[in-house]
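**Q** I am attaching a structure below and will ask some questions about it afterwards.
The values are calculated or read from the model by the stated rules, or taken from the named source; none is laboratory data. All figures in this text were calculated on a predicted structure; none of them were measured in a lab. Cβ placement follows ideal geometry from the backbone for every residue including glycine, while neighbour counts extend to all protein chains displayed. Surface areas here come from the heavy atoms of the whole protein model, side chains and all, with no ligands, DNA or RNA. Shrake-Rupley method; radii C 1.70, N 1.55, O 1.52, S 1.80 Å.
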Amino acid sequence: MKYTMERIPEGEDEVILRYSHMTPEVERIWNLLHGNLGKLTGWKGKTRVVLDVDKILYIESVDGRTFAYTSEDVFAVDDTLNKLGQFLNAVNFFRCSKSMIINIDKVQSLKSLPSNRIDAVMCNGEHVMISRTYASDFRKRLKGGREDG
(Lines give C-alpha, C1' and ligand atoms only; values in the text may rest on other atoms or scores of the structure.)
Protein backbone atom coordinates (compact mmCIF):
# COMPACT_ATOMS: atom_id res chain seq x y z
CA MET A 1 0.00 0.00 0.00
CA LYS A 2 1.28 3.45 -0.90
CA TYR A 3 1.06 6.28 1.66
CA THR A 4 1.24 9.99 0.90
CA MET A 5 1.21 12.83 3.41
CA GLU A 6 1.21 16.48 2.47
CA ARG A 7 1.38 19.45 4.81
CA ILE A 8 -0.79 22.36 3.67
CA PRO A 9 -0.19 25.93 4.87
CA GLU A 10 -3.89 26.57 5.52
CA GLY A 11 -7.34 25.19 4.85
CA GLU A 12 -9.26 22.17 6.05
CA ASP A 13 -7.50 18.87 6.77
CA GLU A 14 -8.56 16.12 4.36
CA VAL A 15 -8.04 12.37 4.16
CA ILE A 16 -8.56 10.61 0.82
CA LEU A 17 -8.67 6.83 0.85
CA ARG A 18 -8.24 5.28 -2.61
CA TYR A 19 -8.45 1.54 -3.07
CA SER A 20 -9.03 -0.98 -5.82
CA HIS A 21 -10.34 -3.72 -3.52
CA MET A 22 -11.60 -3.62 0.07
CA THR A 23 -8.80 -5.46 1.88
CA PRO A 24 -8.57 -5.96 5.65
CA GLU A 25 -5.93 -3.21 5.80
CA VAL A 26 -8.15 -0.72 3.91
CA GLU A 27 -11.10 -1.69 6.10
CA ARG A 28 -9.06 -1.09 9.30
CA ILE A 29 -8.07 2.37 8.04
CA TRP A 30 -11.68 3.14 7.15
CA ASN A 31 -12.88 2.01 10.57
CA LEU A 32 -10.16 4.01 12.28
CA LEU A 33 -11.22 7.15 10.39
CA HIS A 34 -14.82 6.59 11.44
CA GLY A 35 -14.00 5.78 15.06
CA ASN A 36 -15.30 2.23 14.78
CA LEU A 37 -12.26 0.61 16.40
CA GLY A 38 -12.82 2.11 19.81
CA LYS A 39 -15.11 -0.53 21.35
CA LEU A 40 -14.84 -4.16 22.35
CA THR A 41 -17.36 -6.30 24.20
CA GLY A 42 -16.52 -8.44 27.17
CA TRP A 43 -18.04 -10.07 30.22
CA LYS A 44 -17.92 -9.11 33.89
CA GLY A 45 -19.51 -12.11 35.56
CA LYS A 46 -22.77 -12.70 33.68
CA THR A 47 -23.07 -9.10 32.50
CA ARG A 48 -21.99 -8.16 28.98
CA VAL A 49 -20.10 -4.85 28.96
CA VAL A 50 -18.74 -2.52 26.30
CA LEU A 51 -15.07 -1.72 26.78
CA ASP A 52 -13.29 1.35 25.45
CA VAL A 53 -10.21 0.01 23.67
CA ASP A 54 -8.12 2.95 24.88
CA LYS A 55 -8.74 1.89 28.51
CA ILE A 56 -7.34 -1.62 27.96
CA LEU A 57 -3.77 -2.13 29.22
CA TYR A 58 -3.31 -5.61 27.81
CA ILE A 59 -5.16 -8.72 26.69
CA GLU A 60 -4.05 -12.15 27.82
CA SER A 61 -4.93 -15.74 27.02
CA VAL A 62 -5.00 -18.00 30.08
CA ASP A 63 -6.01 -21.67 29.96
CA GLY A 64 -7.82 -21.24 26.64
CA ARG A 65 -9.78 -18.15 27.75
CA THR A 66 -9.10 -14.54 26.78
CA PHE A 67 -9.14 -11.64 29.27
CA ALA A 68 -8.88 -7.86 28.81
CA TYR A 69 -7.23 -5.96 31.67
CA THR A 70 -7.85 -2.32 32.51
CA SER A 71 -6.39 -0.38 35.45
CA GLU A 72 -9.49 -1.16 37.49
CA ASP A 73 -10.83 -4.51 36.31
CA VAL A 74 -10.56 -7.73 34.31
CA PHE A 75 -13.09 -8.77 31.65
CA ALA A 76 -13.57 -12.08 29.85
CA VAL A 77 -13.58 -11.64 26.07
CA ASP A 78 -15.14 -14.08 23.58
CA ASP A 79 -12.66 -13.51 20.74
CA THR A 80 -9.34 -15.32 20.39
CA LEU A 81 -6.04 -13.55 20.91
CA ASN A 82 -5.23 -13.93 17.20
CA LYS A 83 -8.50 -12.31 16.11
CA LEU A 84 -8.10 -9.48 18.62
CA GLY A 85 -4.50 -8.96 17.51
CA GLN A 86 -5.60 -8.41 13.91
CA PHE A 87 -8.44 -6.11 14.98
CA LEU A 88 -6.38 -4.05 17.44
CA ASN A 89 -3.15 -3.77 15.44
CA ALA A 90 -4.46 -0.56 13.84
CA VAL A 91 -5.03 1.02 17.27
CA ASN A 92 -1.51 0.67 18.64
CA PHE A 93 -1.69 -2.77 20.23
CA PHE A 94 1.21 -5.19 19.87
CA ARG A 95 1.59 -8.95 20.27
CA CYS A 96 4.33 -9.16 22.91
CA SER A 97 4.27 -12.90 23.62
CA LYS A 98 2.46 -16.05 22.59
CA SER A 99 -0.25 -15.33 25.16
CA MET A 100 -0.41 -11.52 25.38
CA ILE A 101 -1.14 -8.31 23.44
CA ILE A 102 -0.24 -4.95 25.03
CA ASN A 103 -1.53 -1.44 24.43
CA ILE A 104 1.61 0.49 23.43
CA ASP A 105 -0.02 3.75 24.51
CA LYS A 106 -0.24 2.43 28.10
CA VAL A 107 3.47 1.58 28.42
CA GLN A 108 5.14 3.89 30.92
CA SER A 109 8.73 2.67 30.72
CA LEU A 110 10.88 -0.03 29.15
CA LYS A 111 13.96 -1.90 30.37
CA SER A 112 16.09 -4.21 28.24
CA LEU A 113 16.82 -7.53 29.92
CA PRO A 114 19.24 -10.37 29.21
CA SER A 115 18.29 -12.77 26.41
CA ASN A 116 16.85 -9.87 24.36
CA ARG A 117 13.66 -9.59 26.43
CA ILE A 118 12.04 -6.29 27.43
CA ASP A 119 10.35 -5.45 30.73
CA ALA A 120 7.48 -3.05 29.98
CA VAL A 121 6.03 -1.18 32.95
CA MET A 122 2.41 -0.29 32.29
CA CYS A 123 0.78 2.97 33.45
CA ASN A 124 -0.68 1.16 36.51
CA GLY A 125 2.79 -0.05 37.57
CA GLU A 126 2.30 -3.63 36.42
CA HIS A 127 5.25 -5.31 34.68
CA VAL A 128 4.66 -7.09 31.37
CA MET A 129 7.39 -9.14 29.70
CA ILE A 130 7.97 -8.74 25.96
CA SER A 131 9.46 -12.05 24.88
CA ARG A 132 12.65 -12.28 22.85
CA THR A 133 10.65 -13.62 19.90
CA TYR A 134 8.72 -10.32 19.66
CA ALA A 135 11.30 -7.84 21.07
CA SER A 136 12.92 -6.98 17.73
CA ASP A 137 9.55 -6.25 16.09
CA PHE A 138 8.54 -4.20 19.14
CA ARG A 139 11.64 -2.02 18.81
CA LYS A 140 10.90 -1.52 15.11
CA ARG A 141 7.30 -0.59 15.91
CA LEU A 142 8.44 2.01 18.45
CA LYS A 143 10.71 3.54 15.82
CA GLY A 144 7.74 4.02 13.52
CA GLY A 145 7.88 0.82 11.50
CA ARG A 146 5.48 -2.09 11.40
CA GLU A 147 6.21 -5.58 12.64
CA ASP A 148 6.45 -8.43 10.17
CA GLY A 149 3.32 -10.27 11.09
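**Q** Look at SER115 and say whether it is hydroxyl-bearing (Ser, Thr, Tyr), within 28 Å of ILE29 (Cα to Cα) and more than 14 Å from the chain's Cα centre (by Cα).
**A** no
**Q** Answer yes or no as to whether LYS46 is open to solvent by 100 Å² or more (accessible area, probe 1.4 Å), without any contact (Cβ under 8 Å) to a residue 40 or more places away in the chain and either closer than 26 Å to SER131 by Cβ or hydroxyl-bearing (Ser, Thr, Tyr) (or both).
**A** When the stated conditions are applied, LYS46 does not pass them.
**Q** Restricting attention to region 94-118, which residues are within 19 Å of SER71 (Cβ to Cβ) and open to solvent by less than 30 Å² (accessible area, probe 1.4 Å)?
**A** PHE94, CYS96, MET100, ILE101, ILE102, ASN103, ILE104
**Q** Can you tell me which of (1) open to solvent by 20 Å² or more (accessible area, probe 1.4 Å); (2) closer than 29 Å to GLU25 by Cβ; (3) among the β-branched types (Val, Ile, Thr) is the one ILE130 doesn't meet?
**A** So ILE130 meets the others, but not (1).
**Q** So, one more: For THR66, are the conditions met, namely being polar (S, T, N, Q), touching a residue at least 24 places away in the same chain (Cβ under 8 Å) and surrounded by 13 or more Cβ atoms within 10 Å (Cβ to Cβ)?
**A** So THR66 fails the test.
**Q** How many of the residues making up region 76-88 are touching a residue at least 40 places away in the same chain (Cβ under 8 Å) and open to solvent by less than 30 Å² (accessible area, probe 1.4 Å)?
**A** 2
**Q** So which of ASP78, ASP119 is at pLDDT 95 or above and of a type in the set (Asp, Glu)?
**A** Answer to the check: ASP119.
**Q** Run down LYS44, LYS2 and say which single residue is at negative phi, modelled with pLDDT of 85 or more and basic (Lys, Arg).
**A** Of LYS44, LYS2, the one residue that is at negative phi, modelled with pLDDT of 85 or more and basic (Lys, Arg) is LYS44.
**Q** Please find, within region 134-149, the residue that is modelled with the lowest pLDDT out of those that are open to solvent by 30 Å² or more (accessible area, probe 1.4 Å) and farther than 19 Å from LEU88 by Cβ.
**A** LYS143
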